[in-house]
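Have a look at the structure below before the remarks.
The values are calculated or read from the model by the stated rules, or taken from the named source; none is laboratory data. Because the structure is predicted, anything quoted here is derived from the model rather than measured. Positions of Cβ are generated from backbone atoms using ideal geometry, with glycine treated the same way; all protein chains shown enter the neighbour counts.
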Amino acid sequence: MTEDERLKTGTTTVGLICKDGVVLAADMRATAGNLIVNSRTDKVIPIANNLAVTMAGTVSDAQLVTKLIKAELNLIKIRNNREPTVKESANLLAGMVYQNIRKMSMIPGIAHFILGGMDDEGHSVYDIFPDGSIQLVDDFISSGSGSVFAYGVLETHYKPDMSIEEGVKIATIAINTALKRDSASGNGINVFTITKEGMKKLEPKVLSVEL
């Protein structure tokens with residue numbers, strides 16, 4: 001097995017801005033080359049009471065960075081006696097990703113995050129690219145090997161003023177479309193919503209093959 005095959009990863013994640021909150025969704029398949037190593041992987045991870053991220057890329061790096069950002073945000077809460085804002089959390093995560101990909105390693109630390117959350121200023125979504133760059137998302141974003149298929153749905157059906165319920169439907173359709181065409185994405189869909197009422201994990205849609 002070549003190094004390129006060992007490092008090959010696949011995912012489809014989506015982040016949506018709705019009029020009353022944000023929607024984050026992802027598939028549930030983890031791969032190593034052509035091998036499916038886990039069919040129940042959580043790729044949408046809460047990192048604070050008001051924040052969650054989707055992750056794509058090298059699994060070990062994505063998991064480590066997620067653990068580190070959760071710890072740092074918890075320290076911010078303890079020191080300041082408040083929940084961290086979405087903007088400061090996104091900037092902190094971007095700094096971690098920037099340092100991670102530039103460290104010397106035999107395996108490149110490729111990790112792509114979509115961060116969404118709610119604070120006193122409202123709700124927002126940030127794209128944290130694997131090189132450490134950061135971009136505020138105005139409408140929607142997708143990452144991973146299946147994103148090209150998800151974007152087809154998002155570009156066609158997204159509306160700026162849609163409700164959380166509509167956003168969940170569009171995000172689910174976008175991920176499901178990628179599942180049908182991207183072999184590295186699959187097995188099911190996890191969806192989180194973040195509104196003024198808090199964070200909610202919806203019932204996972206698990207896909208199985210009947211024999």
Of residues in the range 117-174 being exposed (fewer than 13 other Cβ atoms within 10 Å of the Cβ) and among the hydroxyl-bearing types (Ser, Thr, Tyr), the one nearest to residue 95 (Cα to Cα): 133
Cβ pairs under 7 Å, 6+ apart, first in the range 40-63 and farther than 27 Å from residue 81 by Cβ, second basic (Lys, Arg) and crowded, with 22+ Cβ neighbours inside 10 Å: 41/29; 54/43; 55/43
Breaking point among (1) farther than 30 Å from residue 169 by Cβ; (2) among the aromatic types (Phe, Trp, Tyr); (3) buried (at least 18 other Cβ atoms within 10 Å of the Cβ), for residue 113: (1)
Total residues in the range 13-28, condition surrounded by 24 or more Cβ atoms within 10 Å (Cβ to Cβ) and assigned to a loop (DSSP other than H, G, I, E, B): 1
Some residue of the range 176-195 being touching a His at 6+ places or on another chain (Cβ under 6 Å), farther than 15 Å from residue 21 by Cβ and crowded, with 19+ Cβ neighbours inside 10 Å: no
Any pair with Cβ under 6 angstrom, 6 or more apart, that starts in the range 120-132 at a residue that is at pLDDT 95 or above and in a loop (DSSP other than H, G, I, E, B) and ends at one that is buried (at least 16 other Cβ atoms within 10 Å of the Cβ) and not aliphatic (A, V, I, L, M): none
Hey, residue 200 modelled with pLDDT of 80 or more, within 19 Å of the chain's Cα centre (by Cα) and not acidic (Asp, Glu) or not: yes
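A quick yes/no check of all residues on (1) in a helix (DSSP H, G or I); (2) under 21 Å from residue 22 (Cα atoms); (3) not β-branched (Val, Ile, Thr):
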| residue | (1), (2), (3) |
| --- | --- |
| 84 | no, yes, yes |
| 93 | yes, yes, yes |
| 103 | no, no, yes |
| 117 | no, yes, yes |
| 135 | no, yes, yes |
